[in-house]
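Reviewing the structure listed below.
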Amino acid sequence: MNVVDNDLLICGGGYVGLGVAVAVKTAAPDLRVAVIDAAPEGVWKKDQRASAIAAAARRMLEALDLWQEIEPDAQPILEMIVTDSRTSDPVRPVFLTFDGEVTPGEPFAHMVPNLTLVGALRRKAEALGIEIHQDAAATALDTEGNTARVSTSDGRQWTAPLVVAADGVRSALRDMAGIKTTRWDYGQSGIVTTVAHERPHNGRAEEHFLPAGPFAILPLKDNRSSLVWTERTRDAEALVNGDELVFEMELERRFGHHLGTLRLDGGRRAFPLGLTLARDFIKPRIALAGDAAHGIHPIAGQGLNLGFKDVAALAETIVEAARLGMDIGSTAVLDRYQIWRRFDTFQMGVTTDVLTRLFSNDVAPLRMARDLGLGIVDRLPSLKNYFIRQAAGSADAAAPRLLRGEAL
């Protein structure tokens with residue numbers, strides 16, 4: 001049996017798993033850090049999606065010397081509008097507008113292609129000497145004693161005082177650790193695609209609340225936009241698998257003509273939408289991070305940013321404990337991470353759940369109430385500023401250091 005000993009073992013090589021590895025190794029270069037069960041290069045290089053990176057997450061990437069590589073492909077969001085209408089309505093009144101700056105000259109978010117983000121993280125991890133193992137899946141977990149042991153399908157065993165499960169919303173390690181989840185399905189799927197358009201978007205993001213769910217238009221570089229289009233699951237599957245002309249016609253009905261002629265600039269995929277919250281974020285020798293700990297509806301665009309908050313909190317917990325000579329996989333150490341992240345995650349999960357149920361319908365009394373609420377918020381600058389700061393991740397004075405742009 002080939003046994004590989006480490007100081008920190010991370011299962012899952014997406015932006016969260018790589019983020020934890022890079023953050024810890026940058027601050028504590030003597031720790032032996034390995035990433036297993038990572039997506040093969042041929043898989044992650046085909047990801048055509050883009051993600052909204054909030055200002056706090058951008059500060060973390062700057063502190064880790066990653067933003068300089070990412071920034072050329074990053075499109076700042078300079079303005080955001082919110083409408084509430086039916087697909088057939090000839091006019092979509094704007095109920096809420098946001099200036100896109102959290103502080104003067106600092107956009108509250110940037111849109112970044114996933115390929116750019118994960119590529120920068122992988123190159124940084126390799127430069128730091130972090131081993132990335134992508135040819136085998138985790139098959140067993142043993143957390144007895146002072147060392148965790150993960151077996152992989154290639155016959156290896158990987159040991160470390162702490163294992164981080166960052167292997168997605170259907171986390172195998174979470175199940176192996178016996179951590180239960182609260183989960184339900186919304187009966188919706190999010191269609192993700194990219195379009196090129198004739199006119200410039202000028203950095204404006206749009207969220208149109210339609211009866212089947214939100215339709216978000218998110219600006220990218222080079223007169224392109226990333227779409228997150230929510231439909232009932234059956235309708236979404238029919239649109240994605242059906243005729244391209246029909247798809248483009250339905251897309252144009254929702255997108256409108258304000259940016260001129262549209263054309264698809266990539267594939268189209270649909271992802272089922274639900275809420276998944278882990279009941280515990282830690283067990284002895286194991287910590288959950290990213291989608292393994294929480295999967296939320298994209299209505300608020302906070303999924304990636306929740307994951308980066310996990311990265312910052314977990315990395316700070318690990319590094320400070322290691323510097324003090326503490327056992328980084330002990331419950332006494334990991335409790336700090338759980339306290340730091342569980343309530344915030346629960347709060348965001350409840351918020352997105354309420355918003356999804358409130359806005360994914362065509363019930364007249366609810367429509368009147370939500371439109372009144374949006375109108376009131378639009379007329380209260382201090383409340384709008386609070387929401388911007390929340391979306392940017394800048395409202396928490398006790399945020400981890402990396403999210404404040406400080407090195408560990």
Test: residue in region 273-292 that is of a type in the set (S, T, N, Q), closer than 29 Å to D175 by Cα and either in contact with a His (Cβ under 6 Å, 6 or more places away or on another chain) or buried (at least 19 other Cβ atoms within 10 Å of the Cβ) (or both) | yes
Only one of R254, R234, R268 is crowded, with 19+ Cβ neighbours inside 10 Å, closer than 30 Å to H294 by Cα and not β-branched (V, I, T), namely R268
Checked region 96-151 for anything of a type in the set (G, A, S), out of contact with any strand residue (DSSP E or B) (no Cβ under 7 Å at 6 or more places or on another chain) and buried (at least 20 other Cβ atoms within 10 Å of the Cβ); matches are A120
In region 348-367, anything closer than 28 Å to A293 by Cα and among the charged types (D, E, K, R) is listed as D353, R357
Picked from region 173-211 (must be free of Cβ contacts under 8 Å to residues at least 60 places away in the same chain and of a type outside the set (D, E, K, R)), the residue nearest to T97 (Cα to Cα) is H201
Subset of region 206-226, residues aliphatic (A, V, I, L, M), part of a strand (DSSP E or B) and in contact with a helix residue (DSSP H, G or I) (Cβ under 9 Å, 6 or more places away or on another chain), comes to L210, A216, I217, L220
Listed by first then second residue, the pairs whose first member lies in region 76-88 and is touching a residue at least 60 places away in the same chain (Cβ under 8 Å), whose partner is hydroxyl-bearing (S, T, Y), with beta carbons under 9 Å and at least 6 positions apart or on separate chains, are E79/T97; M80/T97; I81/T97; V82/T97
- Message: Suppose the filter is in contact with a Phe, Trp or Tyr (Cβ under 7 Å, 6 or more places away or on another chain), small (G, A, S), in a helix (DSSP H, G or I) and outside the structural domain of G145 (by TED's automatic domain parsing); does A313 pass it?
- Response: no
Within region 332-349, does at least one residue satisfy the condition of being modelled with pLDDT of 95 or more and among the small types (G, A, S)? yes
Assess whether D222 counts as being within 27 Å of F98 (Cβ to Cβ), out of contact with any Leu (no Cβ under 8 Å at 6 or more places or on another chain), acidic (D, E) and assigned by TED's automatic domain parsing to the domain that holds D47.
no
Original post:
Within region 213-236, can one find any residue that is aliphatic (A, V, I, L, M), in contact with a His (Cβ under 8 Å, 6 or more places away or on another chain), over 23 Å from G303 (Cα atoms) and touching a residue at least 12 places away in the same chain (Cβ under 8 Å)?
Top reply: no
When (1) in the same structural domain as L288 (by TED's automatic domain parsing); (2) more than 22 Å from A321 (Cα to Cα); (3) under 23 Å from the mean Cα position of the chain (by Cα) are applied to V164, the one that fails is (2)
If I filter region 259-279 for residues that are outside any helix (DSSP H, G or I), among the small types (G, A, S) and touching a helix residue (DSSP H, G or I) at 6+ places or on another chain (Cβ under 8 Å), do I get at least one hit?
yes
The residue from V20, V35, V16 that alone is at pLDDT 95 or above, assigned to a strand (DSSP E or B) and within 24 Å of R170 (Cβ to Cβ) is V35
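The values are calculated or read from the model by the stated rules, or taken from the named source; none is laboratory data. Note that the structure is predicted; figures quoted are calculated from it, not measured. So basically every Cβ, Gly included, is an ideal-geometry build from the backbone, and we count neighbours across all protein chains shown.
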